[in-house]
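Read the structure below first, then the notes.
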Amino acid sequence: MEALIKPELGLIFWTVLIFVILVFILAKTVWKPLLSAVEAREEKIKADIEAAKKARDEAQIVKNEIEERLKKLSGEISEKISLASREAALEREKIIEKASAQAQLMLENAKKEIQSQQLEVSRQLEKKVLEIALLASEKALGSVIDKEINAQLSDVLAKEIASGRIKKVNG
Amino acid sequence: MELKEILEHHIIDHVYRWFSLLGFNLPISKHLLMMLITAFVLAVVFPLIIGSRSLFLRPFKSMIEIILLFIRDEIVIPNLGEKNKGYTPYFSTLFFFILIMNLLGFIPFASTATGNISVTLALSLTSFILMNFAGIKHQGLVKYFSHMVPSGVPVWLYPIMFPIEIIGLFTKSFALAIRLFANMIAGHIVILVFISFIFIFGSINLYLGLFVTAPVSVLLVLFISFLELFVAFLQAYVFAFLTAIFTGAAMNPH
């Protein structure tokens with residue numbers, strides 16, 4: 001059984017030799033290509049992740065910008081709308097004011113017209129009354145008074161009527 | 001036939017012939033043959049698998065790659081540090097060399113070269129050289145030996161601690177050799193014993209051996225074989241891992 005635990009120098013030599021040669025051969029033929037392939041892949045994955053992160057950040061920036069611009073734009077729009085409505089209200093008030101002023105003016109004109117027509121009517125009435133009165137008085141007096149005196153008299157009478165004294169005379 | 005003869009036949013190396021080189025007697029033996037087969041697999045089959053674009057070989061390439069990455073990320077970098085990952089080829093060679101020698105033992109008529117104390121001693125010798133080489137290379141010769149005793153130890157303990165640490169260097173490597181050797185041989189011995197049970201009980205009573213002991217023994221042998229398969233991977237990992245720990249400790253003293 002001692003053969004089991006008795007080291008054999010020759011085999012130790014073979015093992016070391018084979019192992020050392022293997023280390024040098026495999027390092028070149030197996031591990032180097034495998035490791036470089038793996039490292040290249042890891043590098044690529046890292047670069048891809050980096051690129052994706054960068055793209056995401058950029059997209060975020062663009063999105064923020066757009067949102068900000070949208071916010072600004074909507075603010076501007078609402079401002080403009082309020083300005084327009086304010087202006088519209090002002091315009092409306094102006095129009096109403098103008099219209100009411102015009103209406104007032106028309107009313108006044110109409111009133112004036114009515115007044116002047118009233119005056120005219122009253123004047124004509126006065127004239128008529130005067131003529132009638134004259135006629136009546138002529139008839140009453142007969143043809144005593146000549147035409148000259150008649151004219152003088154009618155003039156005086158007209159003046160008196162104009163000054164409003166006729167009512168006393170008549171009344 | 002005695003159990004001793006059976007064990008010797010199955011476990012101990014068979015020397016086919018001796019040949020002499022510069023006064024050394026070098027054996028041409030079965031374990032050497034196994035080692036050469038391993039070397040052939042590693043140096044010829046592995047590059048073929050790696051270099052092939054065949055779809056059939058791609059899973060094998062992935063398996064090698066996964067193990068290689070495991071060795072780099074779990075064995076080399078945690079123990080030796082990120083900047084020393086150039087040692088990865090050494091550790092992956094060590095791992096695959098031991099693993100394939102372990103696995104060859106499962107093939108009928110082949111044998112386990114790592115179940116030979118000479119082979120494991122040789123491997124631990126390379127680990128011993130690596131440890132000291134890496135320590136001296138990274139710290140310098142004087143610093144390497146002066147840092148051998150852990151810092152914080154009282155000065156009067158130095159005369160005791162220094163020899164202990166020097167002996168520790170050798171025992172660490174020797175333990176590596178014994179651990180691998182014993183683990184690989186233990187499973188074989190247990191399997192041989194279980195199979196011998198069939199014949200021992202058979203010689204007492206033929207039917208007892210044939211119908212009772214044989215099924216039980218075969219089941220147990222199957223179980224031990226799976227255990228050995230696991231141990232084959234585990235011990236290859238343990239050897240590489242411990243070598244990495246010792247090398248890392250020699251490189252970066254605390």
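The values are calculated or read from the model by the stated rules, or taken from the named source; none is laboratory data. Bear in mind that the values here come from a model prediction, so they are computed numbers and not experimental data. A quick note on method: Cβ atoms are made from the backbone with ideal geometry, for glycine too, and the neighbour counts reach across all protein chains shown. Remember, those area values only see protein heavy atoms, side chains included, never the ligands or the DNA or RNA. Shrake-Rupley method; radii C 1.70, N 1.55, O 1.52, S 1.80 Å.
Within the stretch B:17-33, the set of residues being farther than 15 Å from B:A110 by Cβ and assigned to a strand (DSSP E or B) comprises B:R17, B:W18, B:F19, B:S20, B:L21, B:F24, B:N25, B:L26, B:P27, B:I28. For the stretch A:1-19, the candidate set comprises residues that are more than 7 Å from chain B (Cβ to nearest Cβ) and part of a helix (DSSP H, G or I); within that set, the residue that is modelled with the highest pLDDT is A:L17. Scanning the stretch A:39-65 for residues that are more than 30 Å from B:T88 (Cβ to Cβ) and not acidic (D, E) gives A:K54, A:A55, A:R56, A:A59, A:Q60, A:I61, A:V62, A:K63, A:N64. The condition (being closer than 30 Å to B:L229 by Cα and in contact with a helix residue (DSSP H, G or I) (Cβ under 8 Å, 6 or more places away or on another chain)) is satisfied by just one residue among B:I195, B:I129: B:I195. The lone criterion from (1) surrounded by 23 or more Cβ atoms within 10 Å (Cβ to Cβ); (2) within 13 Å of chain A (Cβ to nearest Cβ) left unmet by B:N102 is number (2). Against the list (1) part of a helix (DSSP H, G or I); (2) touching a residue at least 60 places away in the same chain (Cβ under 8 Å); (3) crowded, with 19+ Cβ neighbours inside 10 Å, the condition B:N84 fails is (3). The residue of the stretch A:6-55 that is farthest from B:L48 (Cα to Cα), among those that are among the β-branched types (V, I, T) and loosely packed, with under 13 Cβ neighbours inside 10 Å, is A:I49.
Tell me yes or no: at least one residue of the stretch B:138-161 is within 14 Å of chain A (Cβ to nearest Cβ), within 27 Å of B:G81 (Cα to Cα) and part of a helix (DSSP H, G or I). No, every residue in the stretch B:138-161 fails to be within 14 Å of chain A (Cβ to nearest Cβ), within 27 Å of B:G81 (Cα to Cα) and part of a helix (DSSP H, G or I). Report, by residue number, each residue of the stretch A:25-58 that is touching a helix residue (DSSP H, G or I) at 6+ places or on another chain (Cβ under 6 Å) and of a type in the set (V, I, T). Result: A:I25, A:T29, A:V30.
Restricting the first member to the stretch B:205-216 and to residues that are among the hydrophobic types (A, V, I, L, M, F, W, C), and the second to residues that are open to solvent by 60 Å² or more (accessible area, probe 1.4 Å), the beta-carbon pairs closer than 6 Å and six or more apart or on different chains are B:L208/B:F201. Contact map, the stretch A:129-140: residues that are under 22 Å from A:G164 (Cβ atoms) paired with residues that are of a type outside the set (S, T, Y), Cβ distance under 7 Å, separation 6+ or inter-chain. Pairs shown: A:L130/A:L157; A:L130/A:A158; A:L130/A:I161. Taking the conditions (1) touching a residue at least 40 places away in the same chain (Cβ under 8 Å); (2) farther than 30 Å from A:A37 by Cβ in turn, B:I98 satisfies each one other than (2). Number of residues in the stretch B:10-62 that are touching a Phe, Trp or Tyr at 6+ places or on another chain (Cβ under 6 Å) and over 19 Å from B:A122 (Cα atoms): the value is 1. Condition check for B:S54 on (1) within 8 Å of chain A (Cβ to nearest Cβ); (2) not in a helix (DSSP H, G or I): one failure, at (1). Looking across the stretch B:126-150, just one residue is open to solvent by 30 Å² or more (accessible area, probe 1.4 Å), closer than 15 Å to B:G248 by Cβ and aliphatic (A, V, I, L, M), and that is B:I136. When residues in the stretch B:35-50 are screened for being within 8 Å of another protein chain (Cβ to nearest Cβ) and open to solvent by 60 Å² or more (accessible area, probe 1.4 Å), 1 of them pass. Among the residues of the stretch B:24-31, is any touching a residue at least 12 places away in the same chain (Cβ under 8 Å), over 21 Å from B:I189 (Cβ atoms) and surrounded by fewer than 17 Cβ atoms within 10 Å (Cβ to Cβ)? There is at least one residue in the stretch B:24-31 that is touching a residue at least 12 places away in the same chain (Cβ under 8 Å), over 21 Å from B:I189 (Cβ atoms) and surrounded by fewer than 17 Cβ atoms within 10 Å (Cβ to Cβ). Filtered by the rule that a residue be within 13 Å of chain A (Cβ to nearest Cβ) and either open to solvent by less than 60 Å² (accessible area, probe 1.4 Å) or not in a helix (DSSP H, G or I) (or both), the stretch B:57-72 gives B:S62, B:I64, B:E65, B:I67, B:L68, B:L69, B:I71, B:R72. Please work out if B:A186 is crowded, with 16+ Cβ neighbours inside 10 Å, part of a helix (DSSP H, G or I) and among the aliphatic types (A, V, I, L, M). Answer is no for this residue.
Could you tell me which of the residues A:K32, A:K53, A:K28 is more than 13 Å from chain B (Cβ to nearest Cβ) and part of a helix (DSSP H, G or I)? Only one candidate passes the filter, namely A:K53.
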